[in-house]
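The values are calculated or read from the model by the stated rules, or taken from the named source; none is laboratory data. It should be emphasised that the depicted structure is a prediction, and the values quoted were computed from it without experimental measurement. Cβ: placed from backbone, ideal geometry, glycine included. Neighbour counts: every protein chain shown.
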Amino acid sequence: MLTPQGKKKALVWVSRTYGRHKSESLPSAYDLALASQIEQLPVSSWHPNEVIDPVGYSAKLAQLEAKAISEVTAFLSHRNLIIFSSLLAEIRLQVSPEIQNACIYALTGIFTVVSERQGYFGGGGGMSGNLYMPIVRMERNIFDCLRRKLNRLTKAEERKQQYYSSGKAKVIVTTQSSHSLPLIPTNSIDYIYTDPPFGANIIYSEMNLLLESWLQVKTSQKAEIVINEARGIDLADYQAMLGAALSEFYRILKPDRWLTLEFHNTKAVIWNVVQQVLEAVGFVVAHVGLLDKGSSTILQDIRDGAVYQDLLISAYKPTSQLKHLAALNPDPTETVWDFVQDYLAKLPAPAQSADLEERRGYRLYNRMLALHLRQGRAISLSATEFYAGLNRHFVEIEGAYFLPEK
Ligand SMILES: C[S@@+](CC[C@H](N)C(=O)[O-])C[C@H]1O[C@@H](n2cnc3c(N)ncnc32)[C@H](O)[C@@H]1O
(Lines give C-alpha, C1' and ligand atoms only; values in the text may rest on other atoms or scores of the structure.)
Protein backbone atom coordinates (compact mmCIF):
# COMPACT_ATOMS: atom_id res chain seq x y z
CA MET A 1 0.00 0.00 0.00
CA LEU A 2 1.34 3.45 -0.90
CA THR A 3 1.17 5.80 2.11
CA PRO A 4 2.56 9.31 2.69
CA GLN A 5 5.40 7.55 4.61
CA GLY A 6 6.32 5.28 1.71
CA LYS A 7 5.39 1.68 0.89
CA LYS A 8 3.69 -0.14 3.76
CA LYS A 9 2.27 -3.59 4.09
CA ALA A 10 -1.49 -3.71 4.59
CA LEU A 11 -4.06 -6.43 5.13
CA VAL A 12 -6.30 -6.42 2.08
CA TRP A 13 -7.97 -9.84 1.94
CA VAL A 14 -8.90 -12.43 4.54
CA SER A 15 -9.26 -16.13 3.91
CA ARG A 16 -10.66 -18.18 6.79
CA THR A 17 -11.02 -21.90 7.20
CA TYR A 18 -12.85 -23.62 9.97
CA GLY A 19 -13.01 -27.39 9.57
CA ARG A 20 -14.36 -27.83 6.04
CA HIS A 21 -15.86 -24.39 5.98
CA LYS A 22 -13.98 -21.75 4.03
CA SER A 23 -14.80 -18.10 3.49
CA GLU A 24 -13.07 -15.11 1.98
CA SER A 25 -13.77 -11.40 2.41
CA LEU A 26 -12.36 -7.93 2.70
CA PRO A 27 -10.93 -7.42 6.21
CA SER A 28 -13.45 -6.33 8.84
CA ALA A 29 -12.67 -3.72 11.50
CA TYR A 30 -12.00 -6.65 13.84
CA ASP A 31 -9.49 -8.22 11.41
CA LEU A 32 -7.65 -4.92 10.96
CA ALA A 33 -7.46 -4.32 14.71
CA LEU A 34 -6.19 -7.87 15.27
CA ALA A 35 -3.54 -7.51 12.55
CA SER A 36 -2.31 -4.26 14.05
CA GLN A 37 -2.26 -5.80 17.54
CA ILE A 38 -0.10 -8.68 16.23
CA GLU A 39 2.36 -6.19 14.69
CA GLN A 40 2.93 -4.75 18.19
CA LEU A 41 3.80 -8.09 19.82
CA PRO A 42 7.44 -8.53 20.84
CA VAL A 43 9.59 -11.28 19.28
CA SER A 44 10.85 -12.88 22.47
CA SER A 45 12.76 -15.90 21.09
CA TRP A 46 16.19 -15.78 19.47
CA HIS A 47 16.22 -14.74 15.83
CA PRO A 48 19.08 -13.76 13.53
CA ASN A 49 20.04 -10.12 13.08
CA GLU A 50 21.95 -10.57 9.80
CA VAL A 51 21.92 -7.71 7.37
CA ILE A 52 21.64 -8.43 3.64
CA ASP A 53 24.45 -6.83 1.66
CA PRO A 54 22.57 -4.11 -0.26
CA VAL A 55 25.09 -4.12 -3.12
CA GLY A 56 25.13 -7.91 -3.42
CA TYR A 57 24.02 -9.28 -6.79
CA SER A 58 20.82 -10.91 -5.46
CA ALA A 59 19.79 -7.91 -3.33
CA LYS A 60 20.19 -5.62 -6.32
CA LEU A 61 18.31 -7.99 -8.61
CA ALA A 62 15.37 -8.03 -6.17
CA GLN A 63 15.68 -4.23 -5.60
CA LEU A 64 15.72 -4.77 -1.85
CA GLU A 65 17.22 -1.38 -1.07
CA ALA A 66 14.43 0.43 -2.90
CA LYS A 67 11.95 -1.61 -0.90
CA ALA A 68 13.78 -0.75 2.36
CA ILE A 69 14.47 -4.44 3.07
CA SER A 70 17.81 -4.82 4.81
CA GLU A 71 17.51 -7.68 7.32
CA VAL A 72 16.90 -11.38 6.87
CA THR A 73 14.05 -11.24 9.40
CA ALA A 74 12.10 -9.10 6.91
CA PHE A 75 11.57 -12.31 4.93
CA LEU A 76 9.01 -13.47 7.49
CA SER A 77 5.84 -11.60 8.44
CA HIS A 78 5.92 -10.37 12.04
CA ARG A 79 3.49 -13.10 13.14
CA ASN A 80 5.43 -15.84 11.35
CA LEU A 81 8.69 -14.47 12.75
CA ILE A 82 7.32 -14.88 16.28
CA ILE A 83 6.10 -18.43 15.60
CA PHE A 84 9.15 -19.56 13.59
CA SER A 85 11.61 -18.31 16.22
CA SER A 86 9.67 -19.79 19.13
CA LEU A 87 9.39 -23.19 17.39
CA LEU A 88 13.13 -23.14 16.75
CA ALA A 89 13.76 -22.27 20.40
CA GLU A 90 11.59 -25.26 21.47
CA ILE A 91 13.48 -27.55 19.10
CA ARG A 92 16.82 -26.40 20.49
CA LEU A 93 15.67 -27.61 23.93
CA GLN A 94 15.42 -31.22 22.68
CA VAL A 95 18.13 -33.35 24.25
CA SER A 96 18.47 -35.88 21.44
CA PRO A 97 20.57 -34.47 18.56
CA GLU A 98 18.74 -36.78 16.10
CA ILE A 99 15.34 -35.37 17.10
CA GLN A 100 16.70 -31.82 17.06
CA ASN A 101 18.12 -32.29 13.57
CA ALA A 102 14.96 -33.93 12.23
CA CYS A 103 12.80 -31.11 13.62
CA ILE A 104 15.10 -28.40 12.26
CA TYR A 105 15.02 -30.19 8.90
CA ALA A 106 11.21 -30.10 8.90
CA LEU A 107 10.97 -26.48 10.07
CA THR A 108 13.56 -25.09 7.67
CA GLY A 109 11.93 -27.18 4.92
CA ILE A 110 8.82 -24.98 5.07
CA PHE A 111 10.71 -21.69 5.28
CA THR A 112 10.18 -20.56 1.71
CA VAL A 113 6.43 -21.28 1.71
CA VAL A 114 5.83 -19.50 5.02
CA SER A 115 8.09 -16.60 4.06
CA GLU A 116 7.23 -13.26 2.54
CA ARG A 117 8.43 -14.64 -0.78
CA GLN A 118 5.18 -16.57 -1.07
CA GLY A 119 2.95 -14.71 -3.51
CA TYR A 120 -0.83 -14.66 -3.29
CA PHE A 121 -1.18 -15.85 -6.85
CA GLY A 122 0.68 -19.11 -6.32
CA GLY A 123 4.21 -20.39 -6.79
CA GLY A 124 5.31 -22.62 -3.93
CA GLY A 125 7.77 -20.49 -1.99
CA GLY A 126 8.40 -17.73 -4.45
CA MET A 127 10.63 -17.32 -7.43
CA SER A 128 13.59 -19.66 -7.19
CA GLY A 129 17.14 -18.36 -7.38
CA ASN A 130 16.04 -14.86 -6.47
CA LEU A 131 15.34 -12.81 -3.32
CA TYR A 132 12.34 -11.23 -5.00
CA MET A 133 9.36 -10.50 -2.74
CA PRO A 134 6.03 -10.32 -4.51
CA ILE A 135 3.85 -7.21 -4.14
CA VAL A 136 0.77 -9.23 -3.16
CA ARG A 137 1.84 -11.79 -0.57
CA MET A 138 0.07 -14.59 1.21
CA GLU A 139 0.82 -15.20 4.85
CA ARG A 140 0.73 -18.97 5.27
CA ASN A 141 -0.13 -20.69 8.53
CA ILE A 142 3.11 -22.23 9.85
CA PHE A 143 1.34 -24.97 11.82
CA ASP A 144 -0.65 -26.19 8.79
CA CYS A 145 2.46 -26.20 6.60
CA LEU A 146 4.47 -27.98 9.27
CA ARG A 147 1.82 -30.68 9.72
CA ARG A 148 1.81 -31.37 5.98
CA LYS A 149 5.62 -31.38 5.88
CA LEU A 150 5.80 -33.78 8.83
CA ASN A 151 3.38 -36.17 7.13
CA ARG A 152 5.51 -36.24 4.01
CA LEU A 153 8.75 -36.57 5.96
CA THR A 154 7.35 -39.42 8.05
CA LYS A 155 6.44 -41.34 4.88
CA ALA A 156 9.85 -40.63 3.38
CA GLU A 157 11.54 -41.76 6.58
CA GLU A 158 9.57 -45.05 6.53
CA ARG A 159 10.67 -45.71 2.96
CA LYS A 160 14.23 -44.81 3.82
CA GLN A 161 14.21 -47.27 6.72
CA GLN A 162 12.83 -50.04 4.45
CA TYR A 163 15.58 -49.32 1.95
CA TYR A 164 18.25 -49.29 4.65
CA SER A 165 17.02 -52.52 6.21
CA SER A 166 17.16 -54.24 2.79
CA GLY A 167 20.94 -53.88 3.19
CA LYS A 168 21.27 -52.24 -0.25
CA ALA A 169 21.95 -48.73 0.89
CA LYS A 170 25.10 -47.32 2.29
CA VAL A 171 24.59 -43.61 2.22
CA ILE A 172 26.85 -40.88 3.54
CA VAL A 173 25.89 -37.25 3.27
CA THR A 174 28.64 -34.71 3.82
CA THR A 175 28.94 -31.01 3.15
CA GLN A 176 32.18 -29.37 2.13
CA SER A 177 33.69 -27.65 -0.84
CA SER A 178 34.32 -30.00 -3.74
CA HIS A 179 37.73 -28.35 -4.13
CA SER A 180 39.10 -30.69 -1.53
CA LEU A 181 37.72 -34.14 -0.74
CA PRO A 182 40.62 -35.65 1.23
CA LEU A 183 38.40 -38.26 2.93
CA ILE A 184 37.60 -39.90 -0.41
CA PRO A 185 40.44 -42.15 -1.63
CA THR A 186 41.86 -41.87 -5.15
CA ASN A 187 40.26 -44.21 -7.77
CA SER A 188 37.48 -45.30 -5.39
CA ILE A 189 34.21 -43.96 -6.86
CA ASP A 190 32.10 -45.84 -9.43
CA TYR A 191 30.05 -42.95 -10.79
CA ILE A 192 29.68 -39.21 -10.28
CA TYR A 193 26.62 -37.11 -11.04
CA THR A 194 27.24 -33.41 -10.57
CA ASP A 195 25.19 -30.27 -11.02
CA PRO A 196 27.69 -27.43 -10.60
CA PRO A 197 26.81 -23.73 -10.52
CA PHE A 198 26.48 -22.49 -14.05
CA GLY A 199 28.00 -19.05 -14.05
CA ALA A 200 26.39 -15.88 -12.87
CA ASN A 201 22.64 -16.42 -12.79
CA ILE A 202 22.32 -17.45 -9.15
CA ILE A 203 24.57 -16.55 -6.22
CA TYR A 204 23.73 -19.48 -3.97
CA SER A 205 25.51 -18.15 -0.88
CA GLU A 206 23.32 -15.04 -0.99
CA MET A 207 20.17 -17.10 -1.47
CA ASN A 208 21.22 -19.43 1.34
CA LEU A 209 21.75 -16.57 3.78
CA LEU A 210 18.03 -16.48 4.57
CA LEU A 211 18.18 -19.94 6.13
CA GLU A 212 21.85 -20.11 7.05
CA SER A 213 21.43 -17.10 9.33
CA TRP A 214 18.82 -19.09 11.28
CA LEU A 215 21.09 -22.15 11.33
CA GLN A 216 24.15 -20.05 12.18
CA VAL A 217 26.25 -21.91 9.62
CA LYS A 218 27.39 -20.01 6.56
CA THR A 219 28.48 -21.01 3.07
CA SER A 220 32.08 -19.98 2.50
CA GLN A 221 31.91 -17.39 -0.27
CA LYS A 222 35.62 -17.87 -0.86
CA ALA A 223 35.10 -21.37 -2.26
CA GLU A 224 31.86 -20.64 -4.11
CA ILE A 225 32.10 -21.52 -7.80
CA VAL A 226 30.40 -18.57 -9.38
CA ILE A 227 30.84 -15.46 -11.51
CA ASN A 228 29.92 -12.48 -9.37
CA GLU A 229 30.77 -9.04 -10.70
CA ALA A 230 29.59 -7.43 -7.47
CA ARG A 231 32.45 -9.24 -5.68
CA GLY A 232 34.97 -9.03 -8.54
CA ILE A 233 34.84 -12.75 -9.36
CA ASP A 234 35.12 -13.19 -13.11
CA LEU A 235 35.03 -15.95 -15.72
CA ALA A 236 38.71 -16.82 -15.18
CA ASP A 237 38.07 -17.31 -11.42
CA TYR A 238 35.01 -19.44 -12.23
CA GLN A 239 37.10 -21.55 -14.61
CA ALA A 240 39.86 -22.03 -12.01
CA MET A 241 37.42 -22.98 -9.24
CA LEU A 242 35.41 -25.34 -11.45
CA GLY A 243 38.73 -26.87 -12.51
CA ALA A 244 39.74 -27.44 -8.90
CA ALA A 245 36.46 -29.27 -8.19
CA LEU A 246 36.54 -31.34 -11.39
CA SER A 247 40.14 -32.40 -10.85
CA GLU A 248 39.13 -33.71 -7.40
CA PHE A 249 36.31 -35.64 -9.13
CA TYR A 250 38.83 -36.98 -11.64
CA ARG A 251 41.11 -38.11 -8.82
CA ILE A 252 38.43 -40.00 -6.86
CA LEU A 253 36.72 -41.63 -9.88
CA LYS A 254 37.87 -45.11 -10.83
CA PRO A 255 39.53 -45.30 -14.28
CA ASP A 256 37.10 -46.25 -17.05
CA ARG A 257 34.15 -44.91 -15.06
CA TRP A 258 31.76 -42.11 -15.92
CA LEU A 259 30.86 -38.65 -14.74
CA THR A 260 27.61 -36.97 -15.73
CA LEU A 261 27.55 -33.21 -15.48
CA GLU A 262 24.23 -31.39 -15.61
CA PHE A 263 24.59 -27.96 -17.05
CA HIS A 264 22.20 -25.09 -17.63
CA ASN A 265 23.66 -22.09 -19.33
CA THR A 266 22.61 -20.49 -22.55
CA LYS A 267 25.89 -18.57 -22.84
CA ALA A 268 28.28 -20.27 -25.24
CA VAL A 269 31.30 -18.87 -23.41
CA ILE A 270 30.41 -20.69 -20.17
CA TRP A 271 29.52 -23.83 -22.06
CA ASN A 272 32.96 -23.78 -23.70
CA VAL A 273 34.67 -23.22 -20.36
CA VAL A 274 32.93 -26.26 -18.84
CA GLN A 275 34.03 -28.47 -21.73
CA GLN A 276 37.58 -27.09 -21.67
CA VAL A 277 37.87 -27.65 -17.93
CA LEU A 278 36.55 -31.22 -18.21
CA GLU A 279 39.11 -32.05 -20.88
CA ALA A 280 41.94 -30.14 -19.18
CA VAL A 281 41.61 -32.19 -16.00
CA GLY A 282 41.71 -35.41 -18.03
CA PHE A 283 38.09 -36.41 -18.73
CA VAL A 284 37.10 -37.53 -22.22
CA VAL A 285 33.76 -35.96 -23.13
CA ALA A 286 31.77 -38.64 -24.91
CA HIS A 287 28.20 -37.44 -25.17
CA VAL A 288 26.03 -34.38 -24.72
CA GLY A 289 22.29 -34.90 -24.32
CA LEU A 290 19.26 -32.87 -23.32
CA LEU A 291 17.56 -33.26 -19.97
CA ASP A 292 13.90 -32.50 -20.37
CA LYS A 293 12.48 -31.50 -17.00
CA GLY A 294 8.94 -31.39 -18.38
CA SER A 295 7.87 -27.82 -17.68
CA SER A 296 9.54 -24.45 -17.55
CA THR A 297 9.86 -22.44 -14.35
CA ILE A 298 8.67 -18.87 -13.82
CA LEU A 299 12.30 -17.77 -14.01
CA GLN A 300 12.71 -19.40 -17.39
CA ASP A 301 9.61 -17.60 -18.61
CA ILE A 302 10.68 -14.10 -17.63
CA ARG A 303 14.42 -13.70 -17.30
CA ASP A 304 16.43 -12.82 -20.35
CA GLY A 305 19.02 -15.45 -21.15
CA ALA A 306 17.40 -17.92 -18.76
CA VAL A 307 17.91 -21.56 -19.47
CA TYR A 308 15.27 -23.56 -21.27
CA GLN A 309 16.67 -27.04 -21.19
CA ASP A 310 19.47 -28.56 -19.22
CA LEU A 311 22.30 -30.36 -20.92
CA LEU A 312 23.81 -33.58 -19.69
CA ILE A 313 27.48 -34.06 -20.45
CA SER A 314 28.79 -37.59 -20.15
CA ALA A 315 32.53 -37.95 -19.77
CA TYR A 316 34.81 -40.75 -18.64
CA LYS A 317 38.19 -41.09 -17.04
CA PRO A 318 40.38 -42.89 -19.57
CA THR A 319 41.82 -46.23 -18.56
CA SER A 320 45.20 -46.34 -16.96
CA GLN A 321 45.96 -49.02 -19.59
CA LEU A 322 45.72 -46.38 -22.30
CA LYS A 323 48.12 -44.11 -20.43
CA HIS A 324 50.43 -47.04 -19.85
CA LEU A 325 50.45 -47.88 -23.54
CA ALA A 326 51.13 -44.26 -24.34
CA ALA A 327 54.05 -44.19 -21.92
CA LEU A 328 55.55 -47.35 -23.45
CA ASN A 329 55.13 -46.35 -27.04
CA PRO A 330 57.56 -43.75 -28.33
CA ASP A 331 55.56 -43.33 -31.56
CA PRO A 332 52.47 -41.31 -30.67
CA THR A 333 50.60 -42.24 -33.86
CA GLU A 334 50.51 -45.85 -32.62
CA THR A 335 48.35 -44.83 -29.66
CA VAL A 336 45.90 -42.91 -31.82
CA TRP A 337 44.06 -46.07 -32.82
CA ASP A 338 44.14 -47.39 -29.24
CA PHE A 339 42.40 -44.23 -28.19
CA VAL A 340 39.76 -44.34 -30.93
CA GLN A 341 39.18 -48.03 -30.22
CA ASP A 342 38.70 -47.31 -26.51
CA TYR A 343 36.52 -44.30 -27.21
CA LEU A 344 34.18 -46.06 -29.66
CA ALA A 345 33.84 -48.95 -27.22
CA LYS A 346 32.62 -46.54 -24.54
CA LEU A 347 30.06 -44.64 -26.59
CA PRO A 348 26.48 -45.77 -26.05
CA ALA A 349 24.77 -47.54 -28.95
CA PRO A 350 23.10 -44.75 -30.96
CA ALA A 351 19.35 -44.54 -30.28
CA GLN A 352 18.72 -41.62 -32.66
CA SER A 353 20.53 -39.85 -35.46
CA ALA A 354 21.86 -37.12 -33.09
CA ASP A 355 23.78 -39.84 -31.25
CA LEU A 356 25.81 -40.49 -34.40
CA GLU A 357 27.47 -37.04 -34.13
CA GLU A 358 29.98 -38.24 -31.56
CA ARG A 359 31.08 -40.97 -33.99
CA ARG A 360 31.79 -38.64 -36.92
CA GLY A 361 35.36 -38.41 -38.19
CA TYR A 362 35.88 -34.74 -37.34
CA ARG A 363 34.62 -35.31 -33.78
CA LEU A 364 36.90 -38.31 -33.26
CA TYR A 365 39.81 -36.29 -34.61
CA ASN A 366 39.12 -33.43 -32.14
CA ARG A 367 38.77 -35.81 -29.20
CA MET A 368 41.98 -37.62 -30.12
CA LEU A 369 43.89 -34.34 -30.52
CA ALA A 370 42.62 -33.05 -27.17
CA LEU A 371 43.80 -36.20 -25.38
CA HIS A 372 47.24 -36.14 -26.93
CA LEU A 373 47.73 -32.43 -26.34
CA ARG A 374 46.86 -32.93 -22.69
CA GLN A 375 49.45 -35.66 -22.42
CA GLY A 376 51.96 -33.32 -24.05
CA ARG A 377 52.39 -35.72 -26.98
CA ALA A 378 52.80 -34.25 -30.44
CA ILE A 379 50.71 -35.77 -33.21
CA SER A 380 52.24 -36.14 -36.63
CA LEU A 381 49.04 -37.39 -38.28
CA SER A 382 47.27 -34.87 -40.46
CA ALA A 383 43.48 -34.83 -40.49
CA THR A 384 43.51 -36.47 -43.96
CA GLU A 385 45.79 -39.27 -42.74
CA PHE A 386 43.58 -39.68 -39.68
CA TYR A 387 40.40 -40.02 -41.79
CA ALA A 388 42.12 -42.55 -44.08
CA GLY A 389 43.25 -44.52 -41.01
CA LEU A 390 39.75 -44.44 -39.59
CA ASN A 391 38.43 -46.18 -42.67
CA ARG A 392 41.13 -48.84 -42.40
CA HIS A 393 40.64 -49.58 -38.71
CA PHE A 394 36.88 -49.16 -38.23
CA VAL A 395 33.55 -49.68 -39.93
CA GLU A 396 31.87 -46.65 -41.43
CA ILE A 397 28.07 -46.46 -41.58
CA GLU A 398 26.43 -43.24 -42.81
CA GLY A 399 29.52 -41.18 -41.97
CA ALA A 400 29.75 -42.56 -38.42
CA TYR A 401 32.36 -45.04 -37.18
CA PHE A 402 31.84 -48.28 -35.27
CA LEU A 403 34.04 -51.06 -33.95
CA PRO A 404 34.34 -53.93 -36.43
CA GLU A 405 32.49 -56.44 -34.23
CA LYS A 406 29.41 -54.17 -33.82
C1 LIG B 1 23.06 -25.83 -9.73
S2 LIG B 1 23.17 -25.92 -7.97
C3 LIG B 1 22.84 -27.59 -7.60
C4 LIG B 1 21.45 -27.77 -7.18
C5 LIG B 1 21.11 -29.20 -6.75
N6 LIG B 1 21.25 -30.12 -7.87
C7 LIG B 1 19.70 -29.23 -6.20
O8 LIG B 1 18.81 -29.71 -6.91
O9 LIG B 1 19.50 -28.75 -5.09
C10 LIG B 1 24.88 -25.75 -7.67
C11 LIG B 1 25.27 -25.95 -6.19
O12 LIG B 1 26.70 -25.97 -6.07
C13 LIG B 1 27.04 -25.38 -4.82
N14 LIG B 1 28.48 -24.99 -4.82
C15 LIG B 1 29.06 -23.83 -5.21
N16 LIG B 1 30.39 -23.88 -5.02
C17 LIG B 1 30.67 -25.12 -4.50
C18 LIG B 1 31.87 -25.78 -4.08
N19 LIG B 1 33.06 -25.20 -4.14
N20 LIG B 1 31.76 -27.05 -3.59
C21 LIG B 1 30.56 -27.67 -3.53
N22 LIG B 1 29.39 -27.09 -3.89
C23 LIG B 1 29.45 -25.83 -4.39
C24 LIG B 1 26.07 -24.21 -4.71
O25 LIG B 1 25.95 -23.77 -3.38
C26 LIG B 1 24.78 -24.83 -5.27
O27 LIG B 1 24.06 -25.41 -4.22
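Things worth noting here:
- Residue count for the range 35-84, restricted to those that are among the polar types (S, T, N, Q) and on the phi > 0 side of the Ramachandran plot: 1
- Matching entry among SER188, SER177 (being small (Gly, Ala, Ser), in contact with a helix residue (DSSP H, G or I) (Cβ under 8 Å, 6 or more places away or on another chain) and surrounded by 12 or more Cβ atoms within 10 Å (Cβ to Cβ)): SER177
- Residue in the range 83-99 that is exposed (fewer than 10 other Cβ atoms within 10 Å of the Cβ) and part of a helix (DSSP H, G or I) present: yes
- Listed conditions (1) crowded, with 19+ Cβ neighbours inside 10 Å; (2) away from the ligand (no atom under 12 Å from the Cβ); (3) assigned to a helix (DSSP H, G or I); (4) not aromatic (Phe, Trp, Tyr) are all met by ALA280, apart from (1).
- Residues that are within 19 Å of the chain's Cα centre (by Cα) and charged (D, E, K, R), drawn from the range 203-236: GLU206, GLU212, LYS218, LYS222, GLU224
- Only one of TYR132, TYR164 that is farther than 20 Å from LYS218 by Cβ and touching a residue at least 60 places away in the same chain (Cβ under 8 Å): TYR132
- Residues of the range 234-277 satisfying the condition of being within 13 Å of the ligand (Cβ to nearest atom) and in a strand (DSSP E or B): THR260, LEU261, GLU262, PHE263
- ASN130 vs. criteria among the polar types (S, T, N, Q), part of a loop (DSSP other than H, G, I, E, B) and in the same structural domain as PHE143 (by TED's automatic domain parsing): yes
- Of the residues in the range 237-248, not one is among the hydrophobic types (A, V, I, L, M, F, W, C), buried (at least 16 other Cβ atoms within 10 Å of the Cβ) and in contact with a strand residue (DSSP E or B) (Cβ under 7 Å, 6 or more places away or on another chain).
- Residue in the range 198-211 that is within 12 Å of the ligand (Cβ to nearest atom), of a type outside the set (Val, Ile, Thr) and on the phi > 0 side of the Ramachandran plot present: yes
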